Amino acid sequence: MSQVLRCTLLYSLGMGGALFLCLLLLPARLPGTTILGYAPNWLLIWLVGWSLRRPIPLAVGVGVCLGLLQDSFVLPPEAGIFPTHALGLGVSGGLTAMLQKQRYVQEDFISVALIVFAMVVICETLNALQRTFLGENLVQVWSAHQRIALSCAVLTSLWSPVLYFPLTQLRHWFYRSVHLVNKT
């Protein structure tokens, strides 16, 4: 097996393992990871970290797939297909990829935490819009939206470096390894 193939396989296993861990953490309410009963959006943290250096259509597609996975993990079967997390995560993936392409942000912890904060607010707003269009009580949806969006955004942005740092280290290791192999 060539060195490039080995590095690619290890990188894919690392990113896939982190994604699987995020999926397992979705329904979990671990001590120190909740505010007002809401937990961090682990998939959104993974998506923002992953989308920073990806093409926009790919980031949107991965975001939609992650949203459907999140729906299958957290929504009860009687909820139907709407409201869905796929719309919010798809938009978040696309916007994150767009931000990096425009070079508005650097790839440091504070920038990523701010992006995660904004993307959580966007995801929760799209979820509230879907609930409104489905005919739920307008006052209840939007008053709950304020609480949900702020608590999830604060919590998710605070936990984002915990997941983002290992993902960036993995990506840097991968690029260094492939660069060294291609150099020889």
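Computed from the coordinates by the stated procedures, all read-outs in this text should not be read as laboratory data. The shown structure was predicted, so the numbers you read here are calculated from the model rather than taken from an experiment. Reconstructed Cβ throughout: ideal geometry from the backbone, glycine too, with neighbour counts over all protein chains shown.
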| What residue among Pro55, Ala153, Gly67 has its Cα farthest toward the positive end of the dipole of the range 36-163, where the charges are +1 on Lys, Arg and -1 on Asp, Glu, each on the Cβ? | Pro55
| request: Would you mind checking the tilt of helix 42-51 against the longest principal axis of the Cα atoms of the chain, expressed as 0 to 90 degrees and rounded to 10? | output: 50 degrees
| field | Table column - 3J(HN,Hα) (Hz), the range 53-69, Karplus curve with 6.51, -1.76, 1.60, x for Gly and Pro | value | 10, 10, x, 4, x, 5, 5, 5, x, 5, x, 5, 4, 5, x, 5, 4
| note | Counting only backbone N atoms under 20 Å from a point 7 Å out along Cα-to-Cβ of Leu21, the residues of the range 28-50 in range are 28-34, 39-50
| field | Max mean-square fluctuation residue, GNM over the chain, Cα-Cα springs under 10 Å, options Val48, Val74, Val62 | value | Val74
| field | Under-5 Å amide H pairs with Asn41, H placed in peptide plane, nonlocal only | value | Thr156
| task | Taking only Cα atoms and a 10 Å spring cutoff, compute GNM fluctuations for the chain and point out the largest among Pro161, Pro77, Pro40. | result | Pro77
| note | P(r) of the chain over all Cα-Cα pairs, 10 Å bins starting at 0, rounded to whole percent, reads 9, 35, 35, 15, 5, 1, 0
| said: Given a Förster distance of 25 Å, report the FRET efficiency between Trp142 and Ile56 from their Cβ-Cβ distance, rounded to the nearest 0.05. | reply: 0.25
| task | Choose one answer from Pro57, Pro31, Pro76: the residue with the largest mean-square fluctuation in a GNM of the chain with alpha-carbon springs under 10 Å. | result | Pro31
